[in-house]
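Trainee: Dumping the structure here so I can ask a few things about it.
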Amino acid sequence: RKILVNRRGVILNVTAEAEQEEAIMELVAELAADLPDAPLNPVSRAMQRLPEKEALITPAQVNYMGKGLNLYDLGYEYHGSALAILKYLRTGFLWEKVRVQGGAYGAFSTLDRFTGDFVLASYRDPNTAATLQVFDACAAHLINNAPDRRELEASIVGAVGELDAYMLPEAKGRSAFARTLTDNTPDVRAKVREEVLGTTAEHFRQFGQALAEGLPGAFTAALGGQALEDYARQQGWDIRKVL
């Protein structure tokens, strides 16, 4: 608490109507003045080392499966085309294999632009091994199945639509705050947007190659019931019962 609650390090974000600004800023100044005032001493904390393969067991009939790796550690450099590629995976390959054929409620893929963390996940999923096999197959799919023109355009349009999604005032304020904290400037966003619009089939192949290198050793975690526990025990995973 002493590290986090400190007047010298505070950044306050306010979203309001223009005519409310004067009154609100007075309240903001009072709030800041009431915070403790102490020297800033940044603290570095080592991340806890987690099991590479872990099953969290609950009395559930379905599973929540996840597989992740860091693409930057493998030499991948962020490019806006990743947004179109992730859109393609979510609405195409993962949807078809995990949702339609596998019967899961849904599946998704994400890439954190700031950290390089890439994640594949499913939720309300009746499968274990089958879903992990689909995750592993994402790399080969991107390398060997270049999207046709229609699929490529749909992925680009979908990615741009998410970049330009309509936001209510509260969301605008929250987004502006996050952009300030991460130095996500208009120039950076414009560059990413241009890269999305310039996405080609070759970008899909390159992304798939990065996944092919990292997926075999990716971290895997799952939350589920007895079927998951049986599978995890066969595979030698760490098993922890949480309920």
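The values are calculated or read from the model by the stated rules, or taken from the named source; none is laboratory data. These figures come from a predicted structure and were not determined experimentally. Cβ sites come from the backbone with ideal geometry, for glycine too, and all protein chains shown count toward neighbours. Side chains are part of the model used for accessible areas, which takes the heavy atoms of the whole protein and leaves out ligands, DNA and RNA. Shrake-Rupley method; radii C 1.70, N 1.55, O 1.52, S 1.80 Å.
Trainee: Determine the share of the chain's accessible area contributed by carbon and sulfur atoms, expressed in whole percent, with a 1.4 angstrom probe.
Mentor: Of the solvent-accessible surface of the chain, carbon and sulfur hold 54 percent.
Trainee: Sort 95-107, 78-90 for me by packing, meaning the mean count of neighbouring Cβ atoms within 10 Å per residue, highest on top. Show your work: numbers first, answer last.
Mentor: Numbers: 95-107: 17.1, 78-90: 22.5.
Most protected by this proxy first, the peptides run 78-90, 95-107.
Trainee: Mind checking the full-extension length gain between Asn70 and Leu197? Use 0.36 nm per residue of separation minus the Cα-Cα distance, one decimal, nm. Could the numbers behind the result be given before it?
Mentor: Numbers: separation 127, 0.36 × 127 = 45.72 nm, distance 2.48 nm.
Stretched out fully, the Asn70 to Leu197 stretch lengthens by 43.2 nm.
Trainee: Another question, if that's okay. For the pair Ala60 and Met25, how long in nm is the line joining their label points, each one 7 Å along Cα→Cβ?
Mentor: Each label point lies 7 Å from its Cα, and together they span 4.8 nm.
Trainee: Still on this structure, I have one more. With every protein chain left in place, what is the accessible area per residue of the range 137-243 in square angstrom, probe 1.4 Å? Write down the numbers at each step before the final one.
Mentor: On the way: 6520 Å² over 107 residues.
With all protein chains present, the range 137-243 gives 61 Å² per residue.
Trainee: Quick one: of the DSSP bridges fully inside the chain, what percent are antiparallel, nearest 5?
Mentor: Values: 18 of 27 bridges.
Here the antiparallel bridges make up roughly 65 percent for the chain.
Trainee: Run the reach check for Lys67 against lysines, Cα to Cα strictly under 23 Å, same-chain hits fewer than 8 apart removed. What comes back?
Mentor: Cα-Cα hits under 23 Å: Lys53, Lys87, Lys97, Lys241.
Trainee: Given contacts defined as C-alpha pairs under 8 Å and at least six residues apart, what's the relative contact order of the chain, whole-number percent? Spell out each step's value before the answer.
Mentor: Numbers: 340 pairs, mean separation 86.2, N = 243.
Relative CO of the chain lands at 35 percent.
Trainee: Still on this structure, please answer the following. Along the range 106-116, what does the Karplus equation 6.51 cos²θ - 1.76 cosθ + 1.60 (θ = phi - 60°) give for ³J(HN,Hα), rounded to whole Hz, x for Gly and Pro?
Mentor: Listing the rounded values in order: x, 8, 8, 9, 9, 9, 7, 4, 8, 10, x Hz.
Trainee: Using a basic spin-label model with each label point 7 Å from the Cα along Cα→Cβ, how many nm lie between Arg189 and Arg1?
Mentor: Calculated label separation equals 3.7 nm.
Trainee: Which whole-Hz ³J(HN,Hα) couplings does the range 2-17 yield from phi under the Karplus relation 6.51 cos²θ - 1.76 cosθ + 1.60, θ = phi - 60°, glycine and proline marked x?
Mentor: Once θ is set to phi - 60°, the couplings for the range 2-17 become 5, 6, 7, 9, 8, 4, 6, x, 6, 10, 10, 10, 10, 10, 7, 6 Hz.
Trainee: Let me ask something else about it. Along the Cα-to-Cβ line of Ala137, 7 Å from the Cα, sits a label point; which residues in the range 194-236 have backbone N less than 14 Å from it?
Mentor: none
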